[in-house]
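One structure is given here, and the rest of the page talks about it.
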């Protein structure tokens, strides 16, 4: 049991996989005052999302969630058939019923160990701009990926309604997010939380480089330097690691699919402390 509350983070719980459900059920705070950041991809169905976030909120003092691509999928297995923006709004309302904070709420300030910091849960999506060398347009990038047999499942289940495309929705989210970040005073450092990496560099180690186009947007590439940022928390890549870009620490905090975590085993502590920040590479 920790003597002081901690700010903790995890992502990509994917509790739709049977082997991941008991892992989530085993997540507990070390201190009654612990806060938990959940950086997206809890599950695909609204029933699983509600179960998982409700359980975590019953245990942790404060839970902060950002959506990943899987929460935004509309599949035939889901009792809620809303698409695009309406689905996201449904999930936000669900979180408010549960007492879970979202990107649509006021950014909370953590005043415990390593604070004060303002936690900014973001929802910035992606716009196909993380392209491989020699590819210059979204259409070229998608065609090249298809030729290589690399097509993200988002293309079938993640709908941008009422926007024409995910990239259009992304640009709208980026504009709104930048407005809110700019309104934050520089006196309190930010913890930026987004499901997709905010910078391109983490995607350089992907086994399939064409997949990077579904992993973020170049429009967010300077947020960690433009705004007073203590650290950045993200997931999506299923490559948990600590890196530093421009002197700012980035933490990828995903659990991932059973086929990924089983070979390497689970770490002793699944929940990664966000603070105090680590700056060593």
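Please arrange 10, 37 by counting, for each residue, the other beta carbons lying within 10 Å of its beta carbon, fewest first.
Details: 10 23, 37 28.
Listed from fewest to most nearby Cβ atoms, that is 10, 37.
Can you tell me the Rg and Dmax of region 1-75, counting just the alpha carbons, in angstroms?
Taking only Cα atoms of region 1-75, I get Rg and Dmax of 12.3, 44 Å.
Just for the chain, what percent of DSSP beta bridges are antiparallel, to the closest 5?
Working: 10 of 31 bridges.
Percentage antiparallel, nearest 5: 30.
Counting pairs of alpha carbon atoms under 8 Å apart in space and at least six apart in sequence, what relative contact order in percent does region 120-235 give?
Details: 168 pairs, mean separation 49.4, N = 116.
Relative contact order here is 43 percent.
What length, rounded to one decimal in nm, is gained on full extension from residue 93 through to residue 61, with 0.36 nm per residue of separation minus their alpha-carbon distance?
On the way: separation 32, 0.36 × 32 = 11.52 nm, distance 1.94 nm.
Extra length available between residue 93 and residue 61 comes to 9.6 nm.
Please list the three semi-axes, largest first and in whole Å, of the ellipsoid equivalent to region 108-171, using sqrt of 5 times the eigenvalues of its alpha carbon gyration tensor.
Details: eigenvalues 226, 48, 25 Å².
Sorted largest first and rounded, they come to 34, 16, 11 Å.
What relative contact order, as a whole-number percentage, does region 7-273 give when Cα pairs under 8 Å and 6 or more residues apart are counted?
Working: 532 pairs, mean separation 59.4, N = 267.
With pairs under 8 Å counted, the relative contact order is 22 percent.
Would you calculate the separation in nanometres between label points at residue 204 and residue 246, each defined as 7 Å from the Cα along the Cα-to-beta-carbon direction?
1.5
Determine, at each q value in 0.12, 0.14, 0.18, 0.19 (inverse angstroms), the log₁₀ of I(q)/I(0) that the Debye formula gives when each Cα of region 206-267 is one equal point scatterer.
Debye intensities relative to I(0), on a log10 scale: -0.37, -0.50, -0.78, -0.85.
What relative contact order, as a whole-number percentage, does region 187-233 give when Cα pairs under 8 Å and 6 or more residues apart are counted?
On the way: 50 pairs, mean separation 27.6, N = 47.
Taking the mean separation of contacting Cα pairs over the length of region 187-233, I get 59 percent.
Restricting things to alpha carbons, tell me how big region 137-272 is in terms of Rg and Dmax, in Å.
16.4, 49
Cβ neighbours within 10 Å, averaged per peptide: list 57-70, 157-170, 179-192 in order, most packed at the top. Intermediate results must be reported in sequence, preceding the final value.
Working: 57-70: 21.6, 157-170: 17.1, 179-192: 14.6.
Peptide ranking by packing, descending: 57-70, 157-170, 179-192.
With Rg and the Kirkwood Rh both taken from Cα atoms, where does Rg over Rh land for region 46-114?
On the way: Rg = 13.1 Å, Rh = 13.0 Å.
Using only Cα positions, Rg/Rh for region 46-114 is 1.01.
No value in this document is a laboratory result; all are computed from the given coordinates. None of these values were measured; they are calculated from a predicted model. Note that we place each Cβ from the backbone using ideal geometry, even for glycine, and neighbour counts take in every protein chain shown.
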